[in-house]
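All remarks here apply to the structure that follows.
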Amino acid sequence: VRHESIAPSLARLSRLMKRTAGGFALVRVVTDDAARGAVLSTLKSLREGGQALRVLPDGAEGVSALEGTLRGVDGPCDGMVVPDADALVSFDGGRVLDGLNLARDRLSSLVRGPLVLVLSPQGDASLAARAPDLRDATLGLVRVEAGVGAAIDVPFKHLTANDVEVELSRILSSEMSDGEAVDALVLLAKRWHHASQLEPADHAERDRELTDRIAGEALRRAVRSGYVRGIANAMVVRAMSNGRRLGFEQRRQLIEDAIQRLQAIGLSADLDLLQARSSLASVLMQNGHVDEGLWLFEEEIIPAVDETFGTEDQISARSILATNLHRLGRARDAATLTLGEVVPLARRAGQTREEVRQLALGAAYLVAAARYDEAITILCDEVVPKARAAGDDIDLAFAYANLAEAVEHRGGNGDLSQALLYADFAKRLYARSGDARDVKRMDEILRRLAPAPLGNRADRRRARFSRQHF
Amino acid sequence: MRPNCTMIRGMSSASLEHLPLSRRVLGRIPAETLGDAVKLCNPAEPLDPEADDALRVELDAVRGGNRLRQVVRNVQRLGAAASSLQFVSGHIGAGKTTELRRLQADLLALPVDTRPTVLMLDATPLVETSDVDLEDLLVALWRRMLEEEIASAMPVLKELWTKDAKAFLASQATGAPEFLRGLLNKLPEVPKDGLSKLADALRFQPTEQRKALRQLLGSMSDVLIRGLNRALEKIRDSAAGPVVLIIDNLEKVSATRREVVEHLYLERLRALLELKAHVIITAPLFLVYSSAGGTFSANYGRGVTVLPMVRVSKRRAEGGGEDPAGVAAMAEVLSRRVDFDTLFVDGRQVAQRISALSGGSIRHALTMLEGAINEQDEPPITARSVDVGVRQLQEDRERAVPQAWMKTLAEIHRSNRFPAECSAETQREMLRGLVVLEYQNGEPAPYFDVHPLIVQSPRFPRE
């Protein structure tokens with residue numbers, strides 16, 4: 001994931017690493033989840049003293065490896081990256097962080113190269129509070145915060161603009177009552193709005209016009225027939241799909257108006273009302289009012305949904321929150337929510353297909369947070385076998401596409417050819433299910449992974465294997 | 001006889017590969033390339049008193065005098081006949097290690113008839129466990145002396161190891177926990193190896209096992225002290241002056257276990273008064289600013305020598321604002337490392353600006369410089385890049401300051417004092433985090449001011 005906004009920070013990181021090559025330097029890189037993958041790719045691509053920097057594992061394993069280095073039993077070691085330095089604060093009550101803090105003036109005799117701590121903003125604040133002395137011994141501090149997570153694909157067959165136009169014509173020419181037509185139009189507008197969010201910006205802008213056209217028609221019919229719920233729902237869809245044109249205050253105003261209209265007809269524990277509130281919370285979170293939006297989700301929307309509605313809606317409310325967290329660059333939180341709450345909900349309700357999809361989404365968030373090993377474990381051990389057993393090509397394709405990305409970015413020995421294989425699997429599965437959009441996407445990934453045609457014998461064997469199985 | 005100067009950083013042989021800072025650059029000093037400039041701005045590196053002389057600047061005048069000179073005088077005047085225990089403290093990054101190395105050089109420059117033998121012990125390997133006690137220090141001092149192989153002391157230490165220490169430890173094996181039995185029964189004959197085994201056990205064993213070993217060593221601490229004293233006597237017999245033991249970096253012992261640290265410094269280290277040497281130990285600054293601070297004088301006969309920040313801001317009573325002498329001295333520190341005229345569009349003005357904003361913390365000044373330099377691929381570094389370097393550190397510092405502190409900080413900035421209602425805990429946190437800095441202008445009483453980067457932040461209350 002590359003964001004133009006973080007390019008200067010990554011360049012600064014590269015310069016810093018280049019200029020400190022050959023000697024010890026303590027470097028703190030503070031990054032949000034959205035930029036973490038790009039940071040780790042940059043660090044992995046750097047060579048220090050002719051050798052690639054050693055990247056320690058995530059979590060406790062990495063902390064233990066660092067502890068071993070601090071003991072200096074095996075003599076000085078080469079420069080290294082601690083990709084999950086937040087774990088230093090949490091591991092064993094911060095014992096290893098204390099050790100690092102105390103050893104700060106001796107590190108140059110233990111590490112013959114840079115020691116790079118990759119931290120989240122929260123982790124950095126905890127480190128500063130617990131080990132201010134270590135913070136002050138930092139030579140380089142680089143903040144790489146994208147603030148916005150890149151769009152994550154969803155494991156559903158994608159709508160095309162043509163599908164939507166056909167459905168729109170069908171609704172408009174049908175003999176439905178105005179109320180029925182409004183509900184159908186709002187539903188179609190919502191589906192298309194969600195689908196268009198996954199497209200590149202220029203494409204999405206054209207798609208938004210279509211959403212707005214559908215929502216506009218719904219609103220016109222709802223006003224004509226005095227259908228208050230329909231008016232409110234159409235207003236919410238317009239607010240959500242017109243982000244650029246309306247601006248934050250107008251969108252907020254539009255949704256608050258819709259909420260008031262729904263409340264005015266006596267609705268309280270109503271799904272439309274809760275969806276409107278969830279749209280308001282999303283708009284707040286996307287426009288810098290993160291705490292306010294989070295509060296709405298956590299204190300009002302999710303408890304109300306849990307109390308009144310079934311598993312499907314409980315999953316839906318949490319999924320929207322997870323999407324928002326990811327968009328804020330907090331993919332790790334999105335993964336925790338998805339894997340920790342949504343997946344168990346689906347599992348308890350016996351909704352196997354939903355469970356697989358949510359596991360796959362959780363893994364995709366982990367990939368976005370550059371926690372490749374955890375994502376790969378979930379995809380290989382749970383998603384692929386379950387999707388294969390269910391015979392669901394879309395879920396399986398989604399799993400392989402994410403596996404390709406995770407394995408490619410992990411960048412271990414043989415990972416590139418493994419990524420090629422997974423991407424090829426995903427492409428064939430998408431093609432089999434008739435999803436042209438994703439076939440095109442996988443083609444782009446395959447071109448990136450293997451600019452030259454597959455040439456050697458091993459590659460040909462893999463390609464043959466892939467053709468035989470998919 | 002071996003030279004009476006020892007310059008040891010750490011105890012592992014790996015540390016001997018460590019090059020002085022000024023030898024790690026390819027070009028001239030001050031740095032004329034951005035790569036060299038970044039290397040010379042590494043705030044984690046103390047200066048070597050000889051090899052890095054070109055980088056050193058005399059800062060006594062802007063730190064309220066040479067406070068460590070008092071320590072030298074003390075050693076000189078008390079001489080070999082007496083012993084003393086003295087503590088040195090200071091802010092993070094105030095240059096304690098650099099100043100202690102200079103103290104060592106000053107001691108070795110004394111006239112030959114009073115010139116001491118100086119042993120320097122880096123306590124970092126001990127305090128890394130964040131669980132250190134008197135026994136660990138005694139073992140480390142023994143080991144240090146053996147490693148130094150001072151001819152006069154070696155036979156004494158060897159004899160004492162075999163006859164007293166090792167024999168005593170072996171006698172304790174029966175009835176000791178299993179892991180201790182294994183250790184005590186297999187202690188090597190060679191004293192250096194035996195002490196290394198004990199030191200490693202004190203560092204690497206789990207807490208409970210360390211405690212058991214320490215308890216055992218505690219019962220023979222007088223044996224260890226007696227042994228050290230006999231070795232010290234031998235050294236003094238063969239050299240004219242006293243012996244000075246400098247224990248650096250002990251102040252890094254974890255502040256999160258304050259009661260344990262207080263107990264170590266105020267109670268257990270008193271045993272070192274029995275050593276027939278002048279012992280100089282670094283102490284954590286938070287102890288100086290707690291009720292324990294007064295106890296130092298009561299227990300050891302003298303207070304703690306505190307190294308203040310370079311004085312870049314004046315007392316409010318003297319008009320406040322920047323102190324030109326302090327800023328100029330800091331700018332000189334930076335100019336010794338970086339050739340501003342070659343690498344920066346605005347030349348030495350940048351050094352002045354960064355110095356004023358550093359609050360007198362050399363580390364902060366170096367960090368801001370690094371930030372500015374790494375904004376660009378090629379020189380000259382523009383004013384915009386300097387702004388970025390400053391802003392990065394400012395944001396970093398500001399994040400660590402709770403909003404609740406702002407009113408108190410404004411009061412400190414106005415009065416150069418902590419207000420009475422500010423709790424001791426908050427004071428310590430403010431000083432430890434370098435949010436508030438301590439300055440000296442030659443008078444005994446220090447004054448305090450808020451870090452300039454915090455004062456400049458939009459969150460700081462305006463007068």
Looking at A:Val63, A:Val27 in this structure, which one is of a type in the set (A, V, I, L, M, F, W, C), modelled with pLDDT of 85 or more and closer than 24 Å to A:Val407 by Cα?
A:Val63
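Can you tell me which residue among B:Glu425, B:Glu370 is modelled with pLDDT under 95, surrounded by 19 or more Cβ atoms within 10 Å (Cβ to Cβ) and either assigned to a helix (DSSP H, G or I) or touching a helix residue (DSSP H, G or I) at 6+ places or on another chain (Cβ under 6 Å) (or both)?
Only one candidate qualifies: B:Glu370.
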Which numbered condition B:Met120 fails, given (1) in a strand (DSSP E or B); (2) surrounded by 23 or more Cβ atoms within 10 Å (Cβ to Cβ):
(2)
Which one of these does B:Ala420 not meet: (1) touching a helix residue (DSSP H, G or I) at 6+ places or on another chain (Cβ under 9 Å); (2) not acidic (Asp, Glu); (3) not in a helix (DSSP H, G or I)?
(1)
Taking first residues from the range A:20-49 that are without any contact (Cβ under 8 Å) to a residue 12 or more places away in the chain and more than 13 Å from chain B (Cβ to nearest Cβ) and second residues anywhere that are surrounded by fewer than 24 Cβ atoms within 10 Å (Cβ to Cβ) and in a loop (DSSP other than H, G, I, E, B), the pairs with Cβ under 9 Å that are 6 or more apart or on different chains are A:Ser45/A:Gly411; A:Arg47/A:Ala21; A:Arg47/A:Leu53
Scan the range B:33-51 and report the pairs whose first residue is more than 7 Å from chain A (Cβ to nearest Cβ) and whose second residue is in a loop (DSSP other than H, G, I, E, B) and buried (at least 20 other Cβ atoms within 10 Å of the Cβ), with Cβ atoms within less than 6 Å and a gap of 6+ or a chain change.
B:Asp36/B:Val25
Across (1) within 19 Å of A:Glu382 (Cβ to Cβ); (2) surrounded by fewer than 16 Cβ atoms within 10 Å (Cβ to Cβ), A:Val343 clears everything bar (2)
Tell me, please, whether a residue that is within 17 Å of B:Leu100 (Cβ to Cβ), in contact with a strand residue (DSSP E or B) (Cβ under 6 Å, 6 or more places away or on another chain) and either more than 14 Å from every other protein chain (Cβ to nearest Cβ) or modelled with pLDDT of 80 or more (or both) can be found in the range B:128-139.
no
Those helices (runs of 4 or more DSSP H) completely within the range A:86-137 that have 1 or more residues that are in contact with a Phe, Trp or Tyr (Cβ under 7 Å, 6 or more places away or on another chain), over 20 Å from B:Ala400 (Cα atoms) and in contact (Cβ under 8 Å) with a residue 60 or more places away in the chain are A:107-110
Mind checking which residues of the range A:74-92 are of a type outside the set (D, E, K, R) and closer than 12 Å to A:Ser109 by Cα?
A:Gly75, A:Pro76, A:Cys77, A:Gly79
Restricting attention to the range A:303-322, the residues that are crowded, with 21+ Cβ neighbours inside 10 Å and either touching a Ser or Thr at 6+ places or on another chain (Cβ under 9 Å) or not in a helix (DSSP H, G or I) (or both) number exactly 5
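Tell me yes or no: at least one residue of the range A:72-86 is more than 10 Å from every other protein chain (Cβ to nearest Cβ), of a type outside the set (S, T, N, Q), closer than 17 Å to B:Arg203 by Cα and surrounded by 20 or more Cβ atoms within 10 Å (Cβ to Cβ).
Scanning the range A:72-86 turns up no residue that is more than 10 Å from every other protein chain (Cβ to nearest Cβ), of a type outside the set (S, T, N, Q), closer than 17 Å to B:Arg203 by Cα and surrounded by 20 or more Cβ atoms within 10 Å (Cβ to Cβ).
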Subset of the range B:304-342 (residues that are over 14 Å from B:Ser358 (Cα atoms), assigned to a helix (DSSP H, G or I) and aliphatic (A, V, I, L, M)):
B:Ala317, B:Ala325
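The values are calculated or read from the model by the stated rules, or taken from the named source; none is laboratory data. Treat the numbers as computed from the prediction; the structure is a model and nothing was measured. Every residue, glycine among them, receives a Cβ derived from its backbone with ideal geometry; neighbour counts consider all protein chains shown.
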